[in-house]
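**Q** Below is the structure I would like to discuss, written out as structure tokens.
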Amino acid sequence: MTKTKRTHPLGLLDHLAKSVKNWWPLFLIIIAQSQSWWGKLLIPAAILIFIIWPLISWWSISYRVTPTALEFHSGILVRHHEHIPYVRIQTVQRKQWFYLAPFHLEEVSVETASHEQGKPEVRLAAVKPEVAALIERYRQAVNAAPTDSTTAASTESVAIPTIQATYTLSTRTKWQFVLTSTGFIPILLVALGVYGKLPHNLIERLGSDLAHLSGLFLIIGGLAIALIAWLFTVVMLLIRYFHFRAIRTGDKIQVAKGLFQRNTITVPLQRIQAVRFKQNIFRQWLAIQTTQLLLASRAAAEDNNDDLVLLPAVTLQQSYADLRPFVDWAPTTSPDVSALNVTNGRRWLLVRNALLIALVPVAIATWLWPTWNALFDLVLIIAFGQGLFAANNTGGGIVNRHLLVLRTGHWWTRETYLVPLAKIQSVRLRQSIWMKRTHLMHLTVNVRHGNRNQAIALRYLTAEQAESIYNWYLTNAI
Amino acid sequence: MPQTQHPLPNRIKLIWGISASGSLLVLLVVTGLFWLAQTYWDWAAWLTVTMLVIAVGEPIIETALIPYRYRFTRYMIADTAVEMQAGFIFKKRVAIPIARVQNVTLNAGPLLQWQKLSKITVSTASTTHTIDGLELTTAEQLRDQIMQLAREARHDQN
């Protein structure tokens with residue numbers, strides 16, 4: 001496939017969809033102004049935007065898969081020529097919308113670690129699956145050949161990579177996973193925000209109406225909205241994680257999922273920046289957690305803030321045993337996280353900070369709406385609990401010379417990071433003058449995550465604890 | 001740490017001083033605009049007064065803090081890592097292994113050029129760290145050292 005090719009004509013649909021997404025108000029204007037002369041004038045513009053432009057932009061995209069690099073040409077007025085050597089590829093993502101399945105076509109996105117914001121370097125809207133397979137084969141060959149001899153030998157001897165590990169969701173874990181999502185909370189907050197945007201007099205009228213209603217009615221109403229939001233996220237997750245499957249072949253991990261759009265992400269093992277175990281409050285009750293891979297590309301952006309979910313729901317005991325077949329450098333059992341901690345008197349400091357942050361908005365709100373006083377006091381109680389939660393969940397330690405484990409608690413979510421030394425970009429210590437007297441320090445470990453930095457911050461450690469990590473990093477990182 | 005901590009070059013204090021007077025100038029111009037708005041469009045007088053207080057106060061504080069800022073800013077360059085340290089009330093210390101450095105940028109405005117200094121920005125795959133001013137020779141030496149290391153150990157890891 002060394003000839004320059006265009007994508008399949010069905011890729012046109014993708015360009016058309018993009019035009020419609022960006023310009024749909026034009027339709028409304030044309031319909032509304034169909035009588036006036038300038039409304040008619042817009043019709044040629046619409047033809048240009050919705051027919052001619054997608055045609056040209058489809059026609060302008062071409063690609064070539066050569067043994068040394070992937071070439072991608074795009075652009076109408078300004079031509080872009082992208083050359084990507086296979087060693088630079090971070091992730092290859094394949095998405096197949098259901099309407100492309102009968103034609104055996106899929107969308108292929110290729111990403112490098114470049115800081116280019118927002119979009120993948122290469123995006124082919126509709127191509128045959130052979131394209132992704134070929135890219136994958138070339139990449140494997142390039143990665144195996146020059147670097148270290150051990151992987152080269154193993155890939156040569158095994159012509160067809162065998163599947164080394166597989167993970168699928170059982171019905172039980174799938175339901176545990178979708179039912180315990182906290183995805184509905186942002187939806188609720190948006191609903192609350194919409195309430196806040198309502199005209200002032202309406203709220204006042206509503207307020208006086210509400211005063212007549214019993215509090216019970218209000219609570220039921222709130223719960224009903226929460227329930228709808230929750231059901232919505234459950235359905236969304238069921239669609240998104242439909243037929244979830246993670247497999248490891250050779251030195252790469254492939255995660256596939258999705259109903260209407262089958263989404264397959266392939267990532268080489270050495271590109272994993274860190275492993276994160278994430279456990280929201282509901283999952284803490286069930287003692288299950290989600291295992292995610294932090295990547296240096298935005299392939300998994302639609303998932304969950306750029307994290308590639310590897311094992312959606314695993315029990316705490318099983319986490320490390322299930323992870324190990326996928327990630328060689330992960331420990332086999334849960335590592336000791338007691339070396340870094342926030343205990344005794346130091347817990348108060350985190351509680352105090354959480355309270356201080358909550359205090360100002362609460363004070364203002366109480367002053368503005370004195371009748372809702374009780375509700376705002378609840379916020380303070382939540383803040384108190386959050387501080388305590390953060391303190392109790394701070395943990396970490398050096399697993400071995402090449403691996404660090406860190407645990408944090410934010411917003412009732414417990415996160416445990418496994419960070420290889422080679423992937424830590426920098427380590428920062430912070431100490432205020434008051435903390436100097438009490439021998440305390442904040443520790444921040446920086447890792448690449450998506451196109452940005454993930455700062456893993458452990459606050460109010462003892463100076464010895466924080467410095468031990470800092471010195472470990474400084475002496476071992478070469 | 002075994003390697004010695006270096007303070008920034010002494011001349012950086014002069015640069016900071018000049019940049020403080022620069023902000024005084026800019027803020028005074030803004031205050032002047034407020035005063036004009038007050039006389040011609042009847043803007044509230046307290047706006048102008050507040051602005052004047054800020055215009056005078058901010059550069060004074062900035063200038064007063066220069067010795068403090070200078071004294072507690074340190075950098076260390078070893079064979080394998082760069083360390084930076086700043087601040088006394090809020091002390092920060094950061095370690096960047098040279099193997100993680102993606103690129104080094106030397107950057108000098110007219111003031112720094114005049115004093116033969118250069119601002120140096122060290123970027124990793126995810127974070128960016130800046131030393132406000134180094135001797136041009138030191139900065140170039142650091143850049144070459146990092147380039148050298150990058151050539152030796154080609155980590156295609158990120």
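The values are calculated or read from the model by the stated rules, or taken from the named source; none is laboratory data. Computed from a prediction, not measured in an experiment: that's the story for all the values here. Note that we place each Cβ from the backbone using ideal geometry, even for glycine, and neighbour counts take in every protein chain shown. Side chains included, ligands, DNA and RNA excluded: accessible areas come from the protein's heavy atoms. Shrake-Rupley method; radii C 1.70, N 1.55, O 1.52, S 1.80 Å.
**Q** Among B:109, A:42, A:261, whose Cα sits farthest toward the positive end of the charge dipole of the protein assembly as shown (+1 at Cβ of Lys/Arg, -1 at Cβ of Asp/Glu, about the Cα centre)?
**A** Farthest towards the positive end: A:261.
**Q** Order the following by accessible area, largest value first: A:38, A:230, A:472. Probe radius 1.4 Å; ligands, DNA and RNA are ignored.
**A** A:38, A:230, A:472
**Q** Got a sec? Which residues in segment A:374-410 would a label at residue A:339 touch, if it sits 7 Å along Cα→Cβ and we count backbone N under 19 Å?
**A** A:393-409
**Q** Okay, helix-only estimate at 222 nm for chain B: each DSSP H run of n ≥ 4 adds -39500 (n - 2.57), divide by all residues, round to 500 deg cm²/dmol; what do you get? Working shown, then result.
**A** Numbers: 5 runs with 78 residues, N = 158.
Calculated from helices alone, the mean residue ellipticity at 222 nm is -16500 deg cm²/dmol.
**Q** May I ask you to rank B:117, A:10, B:111 by accessible area, largest first, using a 1.4 Å probe over the protein chains only? Provide the component values of the computation, followed by the final result.
**A** Working: B:117 0, A:10 40, B:111 60 Å².
From most exposed to least exposed: B:111, A:10, B:117.
**Q** If you count only protein heavy atoms and use a 1.4 Å probe, how large is the accessible surface of residue B:28, to the nearest 10 Å²?
**A** 70 Å²
**Q** Follow-up. Evaluate the distance, in nm, between pseudo-label points positioned 7 Å from the Cα of residue A:455 and of residue B:6 along their respective Cα→Cβ axes.
**A** It is 2.6 nm.
**Q** Count charges around residue B:135 for me, please; just the other residues with Cβ under 11 Å from its Cβ, Lys/Arg as +1, Asp/Glu as -1. The partial results should precede the final answer.
**A** Details: positive: B:11, B:116; negative: B:140.
So the environment of residue B:135 carries a net charge of +1.
**Q** With a point put 7 Å past each Cα toward its Cβ, work out how far residue B:128 is from residue A:365 in nm, to one decimal.
**A** Simple spin-label model gives 3.6 nm for this pair.
**Q** Would you mind calculating the gained length between residue A:45 and residue A:182 on full extension (0.36 nm times residue separation, minus the Cα-Cα distance), in nm to one decimal? Let's see the in-between values first.
**A** Working: separation 137, 0.36 × 137 = 49.32 nm, distance 4.43 nm.
Using 0.36 nm per residue and subtracting the Cα-Cα distance, I get 44.9 nm.
**Q** What order do A:14, B:144 take when sorted by accessible area (1.4 Å probe), most exposed first?
**A** Values: A:14 35, B:144 85 Å².
Final ranking, largest accessible area leading: B:144, A:14.
**Q** With Cβ to Cβ distances under 13 Å as the rule, what net charge do the other residues near residue A:337 carry (K, R +1; D, E -1)?
**A** Numbers: positive: A:407, A:414; negative: A:336, A:415.
In short, 0.
**Q** Using helices alone, I'd like the mean residue ellipticity at 222 nm for chain A: each DSSP H run of four-plus residues gives -39500 (n - 2.57), total over residue count, nearest 500. Intermediate values should be presented prior to the final figure.
**A** On the way: 17 runs with 206 residues, N = 478.
Result for chain A: -13500 deg cm²/dmol, rounded to the nearest 500.
**Q** Using modelled backbone amide H atoms (1.01 Å from N, in-plane), which distant-in-sequence or interchain residues come within less than 5 Å of residue B:43's amide H?
**A** Those lying under 5 Å, H to H, from residue B:43 are B:38.
**Q** Please compute the per residue accessible area over chain A with all protein chains in place, 1.4 Å probe, rounded to a whole number of Å².
**A** Values: 24770 Å² over 478 residues.
Ligands and nucleic acids excluded, the result is 52 Å² per residue.
**Q** Once you list every other residue whose beta carbon is under 10 Å from the beta carbon of residue A:254, what net charge do they have if Lys and Arg are +1 and Asp and Glu are -1? Could the numbers behind the result be given before it?
**A** Values: positive: A:94, A:245, A:248, A:252; negative: A:136.
Net charge in that neighbourhood comes out at +3.
**Q** Also, I was wondering about something else. Can you flag which of A:174/A:252; A:252/A:423; A:257/A:278; A:119/B:92; A:18/A:174 are past 28 Å Cα-Cα?
**A** In this structure, A:119/B:92; A:18/A:174 exceed 28 Å between Cα atoms.
**Q** Further question: With a ≥ b ≥ c taken as the square roots of the eigenvalues of the C-alpha gyration tensor of chain A, please select rounded if a/c is under 1.5 and otherwise prolate if a/b is larger than b/c or oblate if it is not? Show your work: numbers first, answer last.
**A** Details: a/c = 1.95, a/b = 1.11, b/c = 1.76.
It comes out oblate by the Cα gyration axes.
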